[in-house]
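Following: one structure in structure tokens, then a few remarks.
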Number of protein chains: 2
Amino acid sequence: MAPASSVAVENLNPKVLKCEYAVRGEIVIHAQRLQQQLQTQPGSLPFDQILFCNIGNPQSLGQQPVTFFREVLALCDHPCLLEKEETKSLFSADAISRAKQILATIPGRATGAYSHSQGIKGLRDAIAAGITSRDGFPANADDIFITDGASPGVHMMMQLLIRNEKDGILCPIPQYPLYSASIALHGGALVPYYLDEKTGWGLEISDLKKQLEDARSKGIDVRALVVINPGNPTGQVLAEDNQYDIVKFCKNEGLVLLADEVYQENIYVDNKKFNSFKKIARSMGYGEDDLPLVSFQSVSKGYYGECGKRGGYMEITGFSAPVREQIYKVASVNLCSNITGQILASLVMNPPKVGDESYASYKAEKDAILQSLARRAKAIEAAKAAEKAPDAFYALRLLESTGIVVVPGSGFGQVPGTWHIRCTILPQEDKIPAVITRFKAFHEAFMAEYRD
Amino acid sequence: MAPASSVAVENLNPKVLKCEYAVRGEIVIHAQRLQQQLQTQPGSLPFDQILFCNIGNPQSLGQQPVTFFREVLALCDHPCLLEKEETKSLFSADAISRAKQILATIPGRATGAYSHSQGIKGLRDAIAAGITSRDGFPANADDIFITDGASPGVHMMMQLLIRNEKDGILCPIPQYPLYSASIALHGGALVPYYLDEKTGWGLEISDLKKQLEDARSKGIDVRALVVINPGNPTGQVLAEDNQYDIVKFCKNEGLVLLADEVYQENIYVDNKKFNSFKKIARSMGYGEDDLPLVSFQSVSKGYYGECGKRGGYMEITGFSAPVREQIYKVASVNLCSNITGQILASLVMNPPKVGDESYASYKAEKDAILQSLARRAKAIEAAKAAEKAPDAFYALRLLESTGIVVVPGSGFGQVPGTWHIRCTILPQEDKIPAVITRFKAFHEAFMAEYRD
């Protein structure tokens, strides 16, 4: 006779047990408890509000969505509006025409229908056009897989490439915990390479090479290299020369290049510029046969910050037809990504242009968001990691005495012997001075208590 | 030196290679090719339109969405509308108040923010209230995980329960291919039990028991039982007595009961009634400690048919706190499901009620859709499977000579020696006569050609 209930932690999938996701881990669960405590017993803690800096979620912290994007979404959700006279005074003319254009590419104008497993063809055409205009090299709608944010695309590639614990994925340390979580869930090996904090989190090919050879000597079949550019959590923007070397390295070593490019609009210094890895590879003369390359993009980042809409895409080039069929099959098992996110992915890659009615307001909204983020990027620099104590302990103490929620660096990985926290810069600007004051007081007290 | 590119079908994850998903498999890919051919060379085929009956996608075939649902979604997407005078004449009063109510439960009214990993608390409260009123037994928002349609919930549970190829999941045959695909992707064993076509696709406990013992004798650790009720692709509605026996069986055998209840609104006969397995279990006096039970629901089915919105939920009861933490962690790795789908999931579980301004039009829309589906359920009965030839061959020939796309029964599983196709009933009613005519002519010719 079997036991009354046979499900216990001990007999769950060990890959699930092994997986960690610090961005929503112990600290965040504790913060949710403290938030409830503040609601039920106001005044019971030395602060009156929990500030979630653990995850990049700007709209939860007051950032407003771009009006044009939301106008188009509302019209696509309820197309009857397009036949009403009042709509002309409620919506901008280019939002109305964009919605009509999008609906015309959807069979039956049906925004409630499952789409092609890769996403609606017309929206993929728009995304490909946006990539082409960004890079100056052609992009193809057949290479685009629209996804519910970037995460499902990353999972799909890990699922495809990882057969067992002897398959390795080269990941930057610090990394974004999605990669370690996904590799653990699929039972592979994370092969770390270290970004060098002293050189602005630079990526050394010699270190890459060393880590690759080290892994191979242990019998690991290294299948892919993850590069996050611009970096998360480090914020670095790779120099063009560095990107050339990375592309050459992947080609020579037979690695898939998984390019996490979701921060392509988040560059806050004038002397840095985003270059997609596909643009770099094509400008080196590398074509489809030279390099399997996946570029991930998301509507959650940039100035758009539409996290809750779960939109994004991956652009896949350099894979053989039979391999692409397998990617298509995996995408098919979940049928399709949500249509609202699909539409938004097409919009962020094709925002209003000069001459469109919405252009001026769109530009003003976008610039205000990016300029404000840039000011906060500098402000937060001063409040970085303590080096004298383990990061999780530091983060827990920080939360308990200030209500500020950050992520310990161990969730991202870090050079052994160093400790970091990850703190987003997304509370609205007027709240930043108070955050810094509390943070500073905590930090000084912490340092006084634990200094050698 | 590694090869120039090391990615080939031969070295992909064998679980991915093994996975099949007939609903979007070879027949559908061929149909997409024929559809392109019809666009570029009209008149080149013996039909002028491809009819996708392979998947339940009603809005792609002309079914209109429920107006109230779409009004609420549009207002939530673009909340500025709520401050405009014109909105009162464009939207129903109860849609406006529902949107305000929903926005009030979202921190910062931010429909573009990541939510709690299980979904927005206020929406989970609404879903729990809907379940409570449906079942007459209490439901708890903490037990609800809002998901991008039902599929991700099913994958999450398979990922949690399946450790290796010795972990088995009891699945009905015929089944919906999501289950075989998900079990294959997670590397487990599908343990079949057969629904009996002669008794209206009934489920025999004696067969369940036999299959379970058979699997155990082969060293399979059977972890869960999947029941699809109402059935897909069979359409049966389980009798209450049958459900009691299933619940008892799961409790006695220590199985998780995975109840696919996405067709709860798709019942076309007066003498049948949907009972959720949770209602059945609770009415037997079984509580949290007796039975781990997961109920899946989706916005894609019923009269709503909002497939593209990717909304749904799973209600999880009877798991220990440490196991629930693991489920929460897996949900967290993808951050949250899309907010539009979350809102819709709360709406389908709480549609307009008597007295609401929208009630009359909502009721009329809902009844018209369900009555039309009921008429088509009978019409399509006459066009079922051929028994003389393999189903995939039949489906391919059907497509090539008529443009009608169906799914071979082998993708769903079937009693050995029998052959089926799966055909949805979702083309709009006025198109059905033409479909039947083409289908009939094909079928007669096919039978004449291949009859013994």
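Read-outs throughout are calculated quantities, based only on the coordinates presented, and are distinct from any laboratory measurement. On a predicted model such as this, the values are computed, not experimentally measured, just so you know. Methodologically, a virtual Cβ is constructed for each residue, glycine included, from the backbone with ideal geometry; neighbour enumeration extends over all protein chains shown.
Give me, ordered by chain and number, the residues 5 or more places off residue B:168 or on other chains with an amide H under 5 Å from its own placed amide H.
It is B:189, B:221, B:222, B:223, by chain and number.
At what distance in nm do the modelled label points of residue B:324 and residue B:353 sit from each other, each positioned 7 Å from its Cα along Cα→Cβ?
2.7 nm
Need the list of aspartates and glutamates near residue B:366 for cross-linking: C-alpha distance under 14 angstrom, and skip anything on the same chain fewer than eight residues off.
In chain and number order, the partners are B:265, B:306.
So how do A:249, A:145 line up by other beta-carbon neighbours within 10 Å, fewest first? Spell out each step's value before the answer.
Details: A:249 17, A:145 24.
Lowest to highest Cβ neighbour count: A:249, A:145.
Would you mind ranking A:170, A:17, A:73 so that the residue whose beta carbon has the fewest other beta carbons within 10 Å leads the list? Could you put the intermediate results ahead of the total?
On the way: A:170 25, A:17 15, A:73 31.
With the sparsest Cβ surroundings first, the list reads A:17, A:170, A:73.
May I ask you to work out the translational diffusion coefficient for the stretch A:108-349 at 4 °C, viscosity 1.567 mPa s, via Stokes-Einstein with Rh from the Kirkwood sum over Cα pairs, reported in whole µm²/s? Write out the running numbers ahead of the final one.
Numbers: Rh = 18.1 Å.
Roughly 72 µm²/s, to the nearest whole number.
Could you pull out every residue, at least 5 positions away or on a different chain, whose amide H is within less than 5 Å of the one on residue B:298? Hs are placed 1.01 Å off N in the peptide plane, and Pro or chain starts have none.
The list, which skips near neighbours in sequence, is B:313.
Tell me what the protein assembly as shown gives for mean residue ellipticity at 222 nm when only DSSP H runs of n ≥ 4 count, each as -39,500 (n - 2.57), the sum divided by the residue total, rounded to 500 deg cm²/dmol.
Working: 32 runs with 388 residues, N = 904.
The helix contribution divided over the protein assembly as shown gives -13500 deg cm²/dmol.
Within the stretch B:267-334, report the GluC sites (Glu not before Pro) that DSSP leaves as loop and that have at most 11 other Cβ atoms within 10 Å.
Numbers: sites: B:288, B:306, B:315, B:325; in loops: B:288, B:306.
Loop-located and lightly packed - none at all.
If the cut-off is a Cα-Cα distance under 18 Å, which lysines reach residue A:88, setting aside same-chain residues fewer than 8 apart in sequence?
A:100, B:84, B:88
Would you mind listing how long the protein assembly as shown runs along its three principal axes, going by Cα atoms, in whole Å with the largest first?
Computed over the Cα atoms, the extents are 86, 67, 63 Å.
Grab the Cα-Cα distance for residue A:83 and residue A:434, subtract it from 0.36 nm times how many residues apart they are, and report the gain in nm with one decimal. Don't skip to the end; give the middle numbers.
On the way: separation 351, 0.36 × 351 = 126.36 nm, distance 4.87 nm.
The span from residue A:83 to residue A:434 would gain 121.5 nm if fully extended.
Within 10 Å of each Cβ of A:306-314, how many other protein chain Cβ atoms are there on average? Intermediate results must be reported in sequence, preceding the final value.
Details: counts 4, 8, 15, 7, 12, 1, 0, 0, 0.
Across the residues of A:306-314, the mean count of other-chain Cβ atoms within 10 Å is 5.
Could you pull out every one of the lysines with an alpha carbon less than 19 Å from that of residue A:248, ignoring same-chain neighbours closer than 8 positions?
Excluding near neighbours in sequence, the set is A:209, A:210, A:278, A:279.
What trypsin sites (Lys or Arg not before Pro) does the stretch B:289-374 have in DSSP loop regions with at most 14 other beta carbons within 10 Å?
B:353
As a footprinting exposure proxy, order B:106, B:144 by other Cβ within 10 Å, with the fewest listed first.
Details: B:106 24, B:144 27.
Taking fewest neighbouring Cβ atoms as first place, the list is B:106, B:144.
Roughly how crowded by other chains is peptide A:101-112, in terms of the mean Cβ count from those chains within 10 Å of each of its Cβ atoms?
Details: counts 0, 0, 0, 0, 0, 3, 6, 8, 1, 12, 8, 20.
Taking the mean over all residues of the peptide, I get 5.
Students often get this wrong, so check it: of A:440/B:121; A:121/A:251; A:121/B:15; A:198/A:218; A:273/A:301; B:273/B:363, which have C-alpha atoms separated by over 25 Å? Walk me through the intermediate numbers first.
Details: A:440/B:121 33 Å; A:121/A:251 31 Å; A:121/B:15 29 Å; A:198/A:218 29 Å; A:273/A:301 17 Å; B:273/B:363 19 Å.
A:440/B:121; A:121/A:251; A:121/B:15; A:198/A:218, as the Cα separations exceed 25 Å there.
Using the beta-carbon distance between residue B:272 and residue B:26 and R0 = 30 Å, what value does 1/(1 + (r/R0)^6) give for FRET efficiency, to the nearest 0.05? Present the calculation step by step, with values, prior to reporting the outcome.
Values: r = 35 Å, r/R0 = 1.17.
According to the calculation, E is roughly 0.30.
So what is log10(I(q)/I(0)) for the stretch B:1-153 at q = 0.11, 0.18 1/Å, when the Debye sum runs over its Cα atoms only?
-0.81, -1.13
How large is ³J(HN,Hα), in whole Hz, for each residue of the stretch B:32-37 in order, when computed from phi with the Karplus curve 6.51 cos²θ - 1.76 cosθ + 1.60 and θ = phi - 60°, using x for Gly and Pro?
With the stated coefficients, the stretch B:32-37 comes to 4, 4, 5, 5, 5, 4 Hz.
What's the average, rounded to a whole number, of partner chain beta-carbon atoms within 10 Å of each residue's beta-carbon in B:317-326? Don't jump to the answer; show the numbers that get you there.
Values: counts 0, 2, 3, 4, 1, 5, 7, 0, 2, 6.
Whole-number average of other-chain Cβ neighbours for B:317-326 is 3.
So what are the ³J(HN,Hα) numbers for the stretch B:54-70, from phi and the Karplus equation (6.51, -1.76, 1.60; θ = phi - 60°), rounded to whole Hz, Gly and Pro as x?
In residue order, the calculated couplings are 6, 9, x, 9, x, 5, 6, 10, x, 5, 8, x, 5, 4, 4, 4, 6 Hz.
Would you mind pulling out the separation of the Cα centroids of the stretch A:105-162 and the stretch A:253-332, in Å?
Cα centres, the stretch A:105-162 to the stretch A:253-332: 11 Å.
State the dimensionless ratio Rg/Rh of chain B (Rg: radius of gyration of Cα atoms; Rh: Kirkwood radius). Could you put the intermediate results ahead of the total?
Numbers: Rg = 23.0 Å, Rh = 23.6 Å.
With Rg and the Kirkwood Rh in hand, the quotient comes to 0.97.
Under a 5 Å amide H to amide H cut-off, with H placed in plane at 1.01 Å, what residues pair with residue B:51 once short-range neighbours are removed?
Amide H to amide H, under 5 Å and 5 or more residues apart or across chains, residue B:51 pairs with B:404, B:405.
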